[in-house]
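Shown next, in structure tokens, is the structure this report addresses.
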Amino acid sequence: LLVYRNRDEFLSYDINDKKVLIIGMGRIGKKVAKYLDSMDAQVFYIDEKVIDNKYTPLSFNHPLLSEIDIVSVHMNFKKENQEILDKNFFMKLKNLKLFVNTARGELISEVALRNFAFKNPECKIFLDVLSEEQKNQGKSRLRLSKNIKITPHVGGNSIDSRQKVESYIVQKYLRVKNAY
């Protein structure tokens, strides 16, 4: 029998009517937008390479950032956007209740995020990726804040993903084997 002593740990927010910012409207960002739209969220996005007439584009300096409730990061990493989510960005998020990054840890200034987390303990932060995660350095810097949760990066761990990878490896093996 599992007994929860503090049910407040499991409180959540309804999505409908929340202002959600998606950073990066590629394949995954568009899927997330579609899910959020189906739950009646107000979907905004930042992606200079995408024009999506269904959702509202914003910039990193848009005044509406102060009203955003949820941020979901799906941006591709390039050297020029390293730590693009910095102190200036987090300072604009006055209403933020949930921040999720499943893209790349290098997109975020972990110092700025940690400072934001300490100043905004009501904001829940979930990180599926960390900067320098291969060196296991980001985890120690971020785990000090109680509202930051670091989750295992298992996006490719679905049954379908595994089958596709295994099939790909077998096909590649057979091509190489048949070449000899």
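Summary table
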| quantity | calculated |
| --- | --- |
| Subset tally (residues that are open to solvent by 100 Å² or more (accessible area, probe 1.4 Å) and either assigned to a strand (DSSP E or B) or under 12 Å from residue 55 (Cβ atoms) (or both)) for region 10-27 | 0 |
| Considering residues of region 80-135 that are under 25 Å from residue 41 (Cβ atoms) and acidic (Asp, Glu) only, the residue surrounded by the most Cβ atoms within 10 Å (Cβ to Cβ) | 128 |
| Test set (1) within 16 Å of the chain's Cα centre (by Cα); (2) modelled with pLDDT under 85; (3) surrounded by 10 or more Cβ atoms within 10 Å (Cβ to Cβ) - residue 163 fails condition number | (1) |
| Pairs with Cβ under 9 Å, 6+ apart, first in region 19-33 and touching a residue at least 60 places away in the same chain (Cβ under 8 Å) and at positive phi, second in a helix (DSSP H, G or I) and surrounded by 18 or more Cβ atoms within 10 Å (Cβ to Cβ) | 24/107 |
| Test: residue 158 is at pLDDT below 75 and of a type in the set (Ser, Thr, Tyr) | yes |
| Search result, residues across region 53-72 that are exposed (fewer than 12 other Cβ atoms within 10 Å of the Cβ) and either in contact with a Gly (Cβ under 9 Å, 6 or more places away or on another chain) or assigned to a helix (DSSP H, G or I) (or both) | 63 |
| Conditions (1) touching a residue at least 40 places away in the same chain (Cβ under 8 Å); (2) charged (D, E, K, R); (3) touching a Phe, Trp or Tyr at 6+ places or on another chain (Cβ under 7 Å); number of the one not met by residue 69 | (3) |
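Residue by residue, here is whether (1) assigned to a helix (DSSP H, G or I); (2) within 23 Å of residue 63 (Cα to Cα); (3) touching a His at 6+ places or on another chain (Cβ under 8 Å) holds:
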position	(1), (2), (3)
89	yes, yes, no
100	no, yes, no
113	yes, yes, no
116	yes, yes, no
125	no, yes, no
131	no, no, no
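The values are calculated or read from the model by the stated rules, or taken from the named source; none is laboratory data. Just so we're clear, the structure is a prediction, and the values are computed from it rather than from any experiment. Methodologically, a virtual Cβ is constructed for each residue, glycine included, from the backbone with ideal geometry; neighbour enumeration extends over all protein chains shown. Just the protein is used for accessible areas: all its heavy atoms, side chains included, with ligands, DNA and RNA removed. Shrake-Rupley method; radii C 1.70, N 1.55, O 1.52, S 1.80 Å.
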